[in-house]
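Notes to accompany the following structure.
The values are calculated or read from the model by the stated rules, or taken from the named source; none is laboratory data. Here the structure is a predicted model, which means the values were calculated and not measured. Please note: Cβ atoms are built from the backbone with ideal geometry, for glycine as well, and neighbour counts cover all protein chains shown.
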Amino acid sequence: MTTPDRTTDTAVPDGPATVGAAHGDGVAVFAAGLRGLFTAAGSPTVAEAARAVGVSTGTVSHWRTGRHLPDDFAVIEPLLVWLTVRARNRTRPDDAAPLWTVRQWQALHTTAAGQDPTLLMLHRLLDAVDTWIDHNGAYEQAVREVMLAALDVTADGRAVPGRITPADLSPPTWDAAEVLADLGLLTPTPDEALTLVDPRILDLWPRLHAWIADTRAAVAMRTALVDDALRWHTAGQPHVMLYDHLRLTATAAALTRLHPDAADQDTDQRFRFGDATAAQIPSAAAGFWAASQHAATGTLTVHKIVMALLITLAVAVVGMAALAGWAWR
């Protein structure tokens, strides 16, 4: 894999997914995003939008240009929801930018209101990352793997920042992680891992938001695997806490979905249950995974022996019954 271009500077189109690259303040960023959302919603007229949400035409017109934005986000939220629903109901191109969620719009509004200037900096950072990805399209899959590896999903379905090390990714994918660190999206931890520079990125970056929505269940299973492995080690590695063959197969399917490109790297390190290779197993769960595979294989072997004995016994009983019937006649 060649070294990606880390210095590309190219224009970023306005729209909900990429606003901020060419604008000087949060108000302009919000207004550009709102105009982009109008376009994504099929370009309804200002009058139509005003009627739908119960405000004046002049108010909507002002909001589109960044004038007189309300201090209270709840005032403009109905318009954003109405436009977003229209955009989602339209047939959109496969390469269309992901739509912002209400939480993302609220964060952008907070920046526009001047309540938290760091949010504008984060938006500009994400614009720079999006520009780099767009200019280095071959690396988007690697960036996706990095970002999904750098987060966890809690038991209640919330995405939270995690940490990654070189042992968690293939060398080419780790190269992409280092590029993201150079761009400022990831930051080193004291133990030489990488993590998100700001947890709000999970809500602010539409590209990542789409990736999470598509793989939330798989990330949750990977998070559970690492947590279960830690509990197993802490408890003294008891056999009863290991995964059975069904859990191994289901978890392996989730891991291969998160790291599809790693499947060909360790074809000689596959396991009895599931399609995941050693390269796709989180480093923190490698021992637990191997022990579970060994235990599940032993259990399956015992089950096969028991089944064979039962079949042999059944055949013997049938044979004895047949002989008894013949002797009786």
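Exactly one residue out of Leu185, Leu194, Leu180, Leu204 is modelled with pLDDT under 90 and among the aliphatic types (A, V, I, L, M), and it is Leu204. Within segment 101-115, residues that are within 15 Å of Arg207 (Cα to Cα) have Cβ atoms under 8 Å from residues that are modelled with pLDDT under 75 and among the hydroxyl-bearing types (Ser, Thr, Tyr) in no pair, counting only partners at least 6 apart in sequence or on another chain. When we screen Leu125, Leu148 for residues that are modelled with pLDDT under 90 and not in a strand (DSSP E or B), the only hit is Leu125. Within segment 23-59, the residues that satisfy the criterion of being β-branched (Val, Ile, Thr) and over 30 Å from Leu125 (Cβ atoms) are Thr45, Val46, Val53, Val55, Thr57, Thr59. Here the helices (runs of 4 or more DSSP H) wholly within segment 7-117 that include at least 2 residues being out of contact with any strand residue (DSSP E or B) (no Cβ under 9 Å at 6 or more places or on another chain) and at pLDDT below 85 are 26-40, 102-112. Could you list, in sequence order, the residues of segment 194-211 that are of a type in the set (A, V, I, L, M, F, W, C) and surrounded by fewer than 17 Cβ atoms within 10 Å (Cβ to Cβ)? Scanning segment 194-211 gives a single hit, Ala210. Selection within segment 148-185: residues that are of a type in the set (D, E, K, R) and closer than 18 Å to Asp214 by Cβ. The member of this set that is surrounded by the fewest Cβ atoms within 10 Å (Cβ to Cβ) is Arg158. From the list Asp191, Asp182, the lone residue that is over 12 Å from the mean Cα position of the chain (by Cα) and either closer than 18 Å to Val143 by Cβ or in contact (Cβ under 8 Å) with a residue 40 or more places away in the chain (or both) is Asp182. Within segment 134-144, count every residue that is buried (at least 20 other Cβ atoms within 10 Å of the Cβ) and either of a type outside the set (Ser, Thr, Tyr) or not in a helix (DSSP H, G or I) (or both). The total comes to 3.
Here's the yes/no breakdown for (1) touching a helix residue (DSSP H, G or I) at 6+ places or on another chain (Cβ under 8 Å); (2) among the β-branched types (Val, Ile, Thr); (3) closer than 23 Å to Arg200 by Cα; (4) touching a residue at least 24 places away in the same chain (Cβ under 8 Å):
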residue: Gly137; (1), (2), (3), (4): no, no, no, no
residue: Val143; (1), (2), (3), (4): yes, yes, yes, yes
residue: Val146; (1), (2), (3), (4): yes, yes, yes, yes
residue: Ala149; (1), (2), (3), (4): yes, no, yes, yes
residue: Asp152; (1), (2), (3), (4): yes, no, yes, yes
residue: Gly157; (1), (2), (3), (4): yes, no, yes, yes
residue: Gly162; (1), (2), (3), (4): yes, no, yes, yes
residue: Pro166; (1), (2), (3), (4): yes, no, no, no
residue: Pro171; (1), (2), (3), (4): no, no, no, no
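Residue-level check: of (1) assigned to a helix (DSSP H, G or I); (2) over 19 Å from Val29 (Cβ atoms), Gly157 misses just (1).
Which is at pLDDT below 90, surrounded by fewer than 18 Cβ atoms within 10 Å (Cβ to Cβ) and part of a helix (DSSP H, G or I), of Ala263, Ala296?
Of the residues listed, the single one that is at pLDDT below 90, surrounded by fewer than 18 Cβ atoms within 10 Å (Cβ to Cβ) and part of a helix (DSSP H, G or I) is Ala263.
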